[in-house]
Amino acid sequence: MSFHVTPLRRLRIVCGCGLLVLALGSAGVSFTPTIDAEGRVLCYAGAGLCALLGFLNLWWARRTPAEAMVTVIPDRAPVSEQVRYYRRMLWLSLIAFPALSALSAYELHELESGAADSVRLWAPLAFLYERLGYWPTVLAPMALGLACAALLSSSSAESPPTTDFSERQDPWPAALARKAAWSRCPPWTRRHAFDLMSIY
């Protein structure tokens, strides 16, 4: 293979172990004295989710064939793999950015209506809210999502075609067969052999 790949089983084992370590860290943070009851619930929820995903990756790793590979650099993968990768990222951006926008709108509505004294926002969105107000902050994730979707769509559409050289037929055996056939022709027809060889 001409592009950089890594074994899929090893990648899933590394991801599973990393998620389990992250689950232990999240559970350990819940025991710090500065964490309130709501924070402990969030830590436990995060630890449970990470542990679930970690064990799921380890289970997938056991069921993954040893010869299965995954590309490290999408641009060096075959065109079919590139198209699938960009489509997955496109759908992810179409889901994640509107969800972030809706969550930000809800948090800011709670703040401005007086239902909450303080809310938590992503740092860039908090910066926008302090300087530009409600609507630019709510619409910013949507605009970023549309930009990412357009970029991913163009990357998927402009994936360069590749040639599978393994499927190309070697012309030399056919040429040698024609030459052998011409050598068995009568002498008065052999004077055209050079012209025919030059044509092919």
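The values are calculated or read from the model by the stated rules, or taken from the named source; none is laboratory data. Please read all numbers here as calculations on a predicted model, not as lab measurements. For neighbour counting, all protein chains shown are included, and Cβ atoms are generated from backbone atoms with ideal geometry for every residue, glycine included.
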(request) Run residue 136 past the list (1) in contact with a helix residue (DSSP H, G or I) (Cβ under 8 Å, 6 or more places away or on another chain); (2) modelled with pLDDT of 90 or more; (3) closer than 30 Å to residue 18 by Cα and report the number of the one that doesn't hold. (result) (3)
(request) For residue 66, work out the one condition from (1) within 28 Å of residue 149 (Cβ to Cβ); (2) small (Gly, Ala, Ser); (3) assigned by TED's automatic domain parsing to the domain that holds residue 16 it doesn't fulfil. (result) (1)
(request) Consider residue 85 carefully, then state whether it is surrounded by 12 or more Cβ atoms within 10 Å (Cβ to Cβ), among the aromatic types (Phe, Trp, Tyr) and closer than 20 Å to residue 12 by Cα. (result) yes
(request) Please name all residue pairs, on different chains or six or more residues apart, with Cβ atoms under 7 Å, provided the first residue is in region 17-46 and is at pLDDT 90 or above and the second residue is not in a helix (DSSP H, G or I). (result) 44/30
(request) Scan (1) more than 19 Å from residue 148 (Cβ to Cβ); (2) at pLDDT below 90; (3) in a helix (DSSP H, G or I) for the single condition residue 118 breaks and write down its number. (result) (3)
(message) Among the numbered criteria (1) part of a helix (DSSP H, G or I); (2) at pLDDT below 90, which one does residue 129 miss?
(response) (2)
(message) Tally up the residues in region 93-115 that are aliphatic (A, V, I, L, M), surrounded by 13 or more Cβ atoms within 10 Å (Cβ to Cβ) and closer than 20 Å to residue 39 by Cα, please.
(response) 2
(message) Taking the condition of being surrounded by 13 or more Cβ atoms within 10 Å (Cβ to Cβ), in a helix (DSSP H, G or I) and not β-branched (Val, Ile, Thr), how many residues in region 26-63 meet it?
(response) 21
